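Visitor: The structure's right below; bear with me while I get my questions together.
The values are calculated or read from the model by the stated rules, or taken from the named source; none is laboratory data. Here the structure is a predicted model, which means the values were calculated and not measured. All Cβ positions, even for glycine, are placed from backbone atoms using ideal geometry, and neighbour counts span all protein chains on display.
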Amino acid sequence: MKRLVSGIKPTGQLTLGNYIGALRQFVKLQDELEDTEMFIFIADLHAITTPQDKTKLRKNIRSITALYIACGLDPNRVHLFIQSEIPAHAMLGYVMESTAYIGEMERMTQFKDKKGKQTEGIRTSLLTYPALMAADILLYDADIVPIGDDQKQHLELTRNLALRFNHTYGDTFVVPDGFYPKAGARIKSLQDPTRKMDKSHDNPKSYILLLDDLKAVSNKIKSAVTDSEGKIYYDPVNKPGISNLLTIYAALSDKTIKDVESAYKDANYQTFKNDLSEIVVRTLEPIQARYEKLIKDDLLDRVLDEGRAHAERIANRKISKVYQRLGLGRKR
Ligand code: ATP
Ligand code: LTN
């Protein structure tokens, strides 16, 4: 049986970018890949690469668990768990740090970006983060890793680390493939469509949160930055705003960008934005309704306990094998 692994950091509330780039893909793959075992986790160890408020972090962990299920993940089909509850992640993370070179880490664009935004107290783990991500994936012999575009470089590194380790110590890890959404692998900010839509942005109008008030959602779409040409077509270089909205429309309605373009070729921006906000609201409404029930339910803890128990068995077997391969401890 094949395996799929992916995770989301609990660094804030989830955005429409996270939904289109990650969550929606997880749900689709759950339904399409019947012969694939799925491991989806909350990457809380990754969250502490930057400072976090501990009360908010706990809240976000629970909130993401509820959102996973509210968005359609079936806990009977998917193993949902929290990364820090399985020590083997950190253990293999260290082994991956001892496989990767500093130069490789320093070349990661996400590291360079995030480092650039901070002036002091840049944590060592911000640099070594991709080694832990490699561990998350390799621990479960994942064949497929659904992620947004921004994680492509980290996945390439994971593949290189797996190959390097296998070459030095003998076949140990499966070399994984990334899986990227056809439309929407990089949803942009509504206010600055040259930048990624990020939950850590300062201007709330630039992102849509899955749990945003639905009126606010409509207003955010209606005030999204566009251009003065007045024509709807896809051109990410000259019309990044409209192109971003076309991408969101296509992703949420399971249409191609071409189809959406031709449906709106004679329409004005206002009509297009009105229709798009209806689609976004229709997507979020049932998710929010399910979320409100789930967040109060102790089902979440049961799901996370089961997920941990299953994932832990696999992870522990793998880390023992890795330690043996490396000659750590005593021979067993
Ligand atoms: P941060 O802003 O704290 O770095 P993030 O949203 O980039 O957070 P995660 O929450 O870990 O990071 O992302 C979870 C998944 O969502 C990843 O697979 C990522 O590629 C995807 N993702 C995040 N933002 C977008 C976006 N704007 N468009 C498409 N996919 C996205
Ligand atoms: N690095 C990812 C989150 C993440 C992840 C993973 C995704 C951590 N471990 C393993 C896929 C597989 C991010 O920042 N979006």
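Visitor: Do you know which residues across the stretch 136-161 are modelled with pLDDT under 95 and more than 8 Å from ligand 2 (Cβ to nearest atom)?
Guide: Of everything in the stretch 136-161, just one residue is modelled with pLDDT under 95 and more than 8 Å from ligand 2 (Cβ to nearest atom), namely ASP149.
Visitor: Condition first: assigned to a helix (DSSP H, G or I), more than 8 Å from ligand 2 (Cβ to nearest atom) and over 27 Å from ILE248 (Cβ atoms). Now tell me which residues in the stretch 115-133 satisfy that. Don't jump to the end; show me each part of the working.
Guide: First pass over the stretch 115-133, keeping only residues assigned to a helix (DSSP H, G or I): 115-117, 124-133.
With the extra rule that they be more than 8 Å from ligand 2 (Cβ to nearest atom), the set shrinks to 115-117, 124-128, 131.
The answer is LYS115, GLY116, THR124, SER125, LEU126, LEU127, THR128, ALA131.
Visitor: May I ask you to say which residue of SER63, SER84 is within 16 Å of ligand 1 (Cβ to nearest atom) and free of Cβ contacts under 8 Å to residues at least 60 places away in the same chain? Talk me through it step by step, then tell me what you get.
Guide: Numbers: SER63 fails: free of Cβ contacts under 8 Å to residues at least 60 places away in the same chain.
Residue meeting the stated conditions: SER84.
Visitor: Take the residues in the stretch 218-271 that are aliphatic (A, V, I, L, M) and without any contact (Cβ under 8 Å) to a residue 40 or more places away in the chain, then tell me which one is surrounded by the fewest Cβ atoms within 10 Å (Cβ to Cβ). So that I can check it myself, show each step before the final result.
Guide: Residues of the stretch 218-271 aliphatic (A, V, I, L, M): 221, 224-225, 232, 237, 242, 245-246, 248, 250-252, 257, 260, 263, 267.
Then drop every residue that is not without any contact (Cβ under 8 Å) to a residue 40 or more places away in the chain, which leaves 225, 237, 242, 245-246, 260, 263, 267.
Values: VAL225: 17, VAL237: 7, ILE242: 27, LEU245: 27, LEU246: 25, VAL260: 25, ALA263: 15, ALA267: 14.
Only one residue tops the list, namely VAL237.
Visitor: Here's a follow-up. Restricting attention to the stretch 102-118, report how many residues are in contact (Cβ under 8 Å) with a residue 40 or more places away in the chain and within 16 Å of ligand 1 (Cβ to nearest atom).
Guide: Result for the stretch 102-118: 5.
Visitor: What number of residues within the stretch 175-199 satisfy the criterion of being in contact with a strand residue (DSSP E or B) (Cβ under 8 Å, 6 or more places away or on another chain), under 16 Å from HIS154 (Cα atoms) and either modelled with pLDDT of 95 or more or not in a loop (DSSP other than H, G, I, E, B) (or both)?
Guide: 4
Visitor: Considering LEU155, LEU190, LEU210, which residue is within 15 Å of ligand 1 (Cβ to nearest atom) and more than 28 Å from GLN83 (Cα to Cα)?
Guide: Values: LEU155 fails: more than 28 Å from GLN83 (Cα to Cα); LEU210 fails: more than 28 Å from GLN83 (Cα to Cα).
That would be LEU190, the only listed residue that is within 15 Å of ligand 1 (Cβ to nearest atom) and more than 28 Å from GLN83 (Cα to Cα).
Visitor: Restricting the first residue to the stretch 119-131 and requiring it to be more than 15 Å from ligand 1 (Cβ to nearest atom), which pairs with a second residue that is in a loop (DSSP other than H, G, I, E, B) meet a Cβ separation below 6 Å and a spacing of at least six or different chains?
Guide: ALA131/ALA100
Visitor: Of all residues in the stretch 160-177 being crowded, with 20+ Cβ neighbours inside 10 Å and not aromatic (Phe, Trp, Tyr), which is nearest to LYS258 (Cα to Cα)? Walk me through it before giving the result.
Guide: Let us first name the residues in the stretch 160-177 that are crowded, with 20+ Cβ neighbours inside 10 Å, namely 161-162, 165, 173, 176.
Add one more test, that the residue is not aromatic (Phe, Trp, Tyr), and what stays is 161-162, 176.
Values: LEU161: 38, ALA162: 38, PRO176: 31 Å.
It comes out as PRO176.
Visitor: Okay, moving on. In the stretch 89-100, which residues are hydrophobic (A, V, I, L, M, F, W, C) and either modelled with pLDDT under 95 or outside any loop (DSSP other than H, G, I, E, B) (or both)? Before the answer, list the steps.
Guide: Looking only at the stretch 89-100, we keep the residues that are hydrophobic (A, V, I, L, M, F, W, C), and these are 90-92, 95-96, 100.
Answer for the stretch 89-100, where residues must be hydrophobic (A, V, I, L, M, F, W, C) and either modelled with pLDDT under 95 or outside any loop (DSSP other than H, G, I, E, B) (or both): ALA90, MET91, LEU92, VAL95, MET96.
Visitor: Among the residues that make up the stretch 87-98, is at least one of them over 30 Å from LEU328 (Cβ atoms) and within 19 Å of the chain's Cα centre (by Cα)? Break it down into steps so the answer makes sense when it comes.
Guide: Looking only at the stretch 87-98, we keep the residues that are over 30 Å from LEU328 (Cβ atoms), and these are none.
Looking through the stretch 87-98, none of the residues is over 30 Å from LEU328 (Cβ atoms) and within 19 Å of the chain's Cα centre (by Cα).
Visitor: Can you tell me which condition GLY103 does not meet? The list is (1) out of contact with any strand residue (DSSP E or B) (no Cβ under 6 Å at 6 or more places or on another chain); (2) closer than 17 Å to ILE137 by Cβ; (3) part of a helix (DSSP H, G or I), and all the others hold.
Guide: Every listed condition holds for GLY103 apart from (2).
Visitor: If you don't mind, there's one more thing I want to ask. Mind checking whether some residue in the stretch 15-29 is surrounded by fewer than 18 Cβ atoms within 10 Å (Cβ to Cβ) and within 11 Å of ligand 1 (Cβ to nearest atom)?
Guide: no
Visitor: Still on this structure, please answer the following. If you go through the stretch 34-50 one residue at a time, how many are without any contact (Cβ under 8 Å) to a residue 40 or more places away in the chain and not charged (D, E, K, R)? Write out each step before concluding.
Guide: First, pick out the residues of the stretch 34-50 that are without any contact (Cβ under 8 Å) to a residue 40 or more places away in the chain: 34-35, 47.
Still in the list and also not charged (D, E, K, R): 47.
Of the residues in the stretch 34-50, 1 are without any contact (Cβ under 8 Å) to a residue 40 or more places away in the chain and not charged (D, E, K, R).
Visitor: Which one of these is within 26 Å of ASP198 (Cβ to Cβ) and modelled with pLDDT under 95: ASP275, ASP254?
Guide: Numbers: ASP275 fails: modelled with pLDDT under 95.
Within the list ASP275, ASP254, the selection yields ASP254.
Visitor: Then there's this: Among ARG332, ARG308, ARG290, which is the only one that is at negative phi, more than 22 Å from the chain's Cα centre (by Cα) and among the charged types (D, E, K, R)?
Guide: Working: ARG308 fails: more than 22 Å from the chain's Cα centre (by Cα); ARG290 fails: more than 22 Å from the chain's Cα centre (by Cα).
The conditions single out ARG332.
Let's see how each residue does on (1) under 22 Å from THR15 (Cβ atoms); (2) in contact with a strand residue (DSSP E or B) (Cβ under 9 Å, 6 or more places away or on another chain); (3) of a type in the set (S, T, N, Q):
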| position | (1), (2), (3) |
| --- | --- |
| SER253 | yes, no, yes |
| ILE257 | yes, no, no |
| TYR269 | no, no, no |
| LEU304 | no, yes, no |
| ARG308 | no, yes, no |
